[in-house]
């Protein structure tokens, strides 16, 4: 082949969709979590397809009590929304060993309070924050078990129905 010869490749939409599907299956199998994200395909007039990712880990209302707390998966963003003034969003996670939990929040559109409770519903950590910022809290949890994160919207602020994200990471225990 000469330097000025070029080859052109055209990928068919079906081949692209197959490749994306294989990648998603590989991520799901490799992570041990069968529902990392849902993908749906939207047909366009040109008969090509566009993939759009949606959060699998979006909160599901009602989640305002310990009994109705949504499971939050470490390492994955979960999208929440304060749907009304005074709304409460509750999440839960479990640890098998003492650990330090990093809780990251972003785009919280309002003043909020965050509480962390142990499985006996006893408060082990608390934070008050202003919205529209990123915040990270590191909490040492010296016992294995189920823990709960309670997010409360401040009744004095009326900015609601704007999504925020919460992510937890489980790290080695630090005193």
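The values are calculated or read from the model by the stated rules, or taken from the named source; none is laboratory data. Here the structure is a predicted model, which is why all the values come from computation and not from measurement. As a convention, Cβ positions derive from the backbone with ideal geometry for all residues, glycine included, and neighbour counts pool all protein chains shown.
Taking (1) surrounded by 13 or more Cβ atoms within 10 Å (Cβ to Cβ); (2) in contact (Cβ under 8 Å) with a residue 40 or more places away in the chain; (3) within 16 Å of residue 169 (Cα to Cα) in turn, residue 135 satisfies each apart from (2).
Evaluate the following for residue 160: is it surrounded by 15 or more Cβ atoms within 10 Å (Cβ to Cβ) and in a strand (DSSP E or B)? So residue 160 does not fit the description; no.
Here's a check for you: in the range 85-117, which residue that is surrounded by 13 or more Cβ atoms within 10 Å (Cβ to Cβ) and assigned to a loop (DSSP other than H, G, I, E, B) is modelled with the lowest pLDDT? Steps first, please.
Just the residues of the range 85-117 that are surrounded by 13 or more Cβ atoms within 10 Å (Cβ to Cβ), to begin with: 85, 87-93, 95, 98-117.
Adding the requirement that they be assigned to a loop (DSSP other than H, G, I, E, B) leaves 85, 87, 98, 107-111.
Working: 85: 79, 87: 87, 98: 97, 107: 86, 108: 83, 109: 75, 110: 71, 111: 79.
Applying the filter and picking the extreme gives 110.
Kindly evaluate residue 57 against the criterion of being crowded, with 17+ Cβ neighbours inside 10 Å and at pLDDT 90 or above. No.
Can you name every residue in the range 138-155 that is part of a loop (DSSP other than H, G, I, E, B) and either surrounded by fewer than 15 Cβ atoms within 10 Å (Cβ to Cβ) or out of contact with any strand residue (DSSP E or B) (no Cβ under 8 Å at 6 or more places or on another chain) (or both)?
Step one: filter the range 138-155 for residues part of a loop (DSSP other than H, G, I, E, B), giving 142-144, 154-155.
Of everything in the range 138-155, those that are part of a loop (DSSP other than H, G, I, E, B) and either surrounded by fewer than 15 Cβ atoms within 10 Å (Cβ to Cβ) or out of contact with any strand residue (DSSP E or B) (no Cβ under 8 Å at 6 or more places or on another chain) (or both) turn out to be 142, 143, 144, 155.
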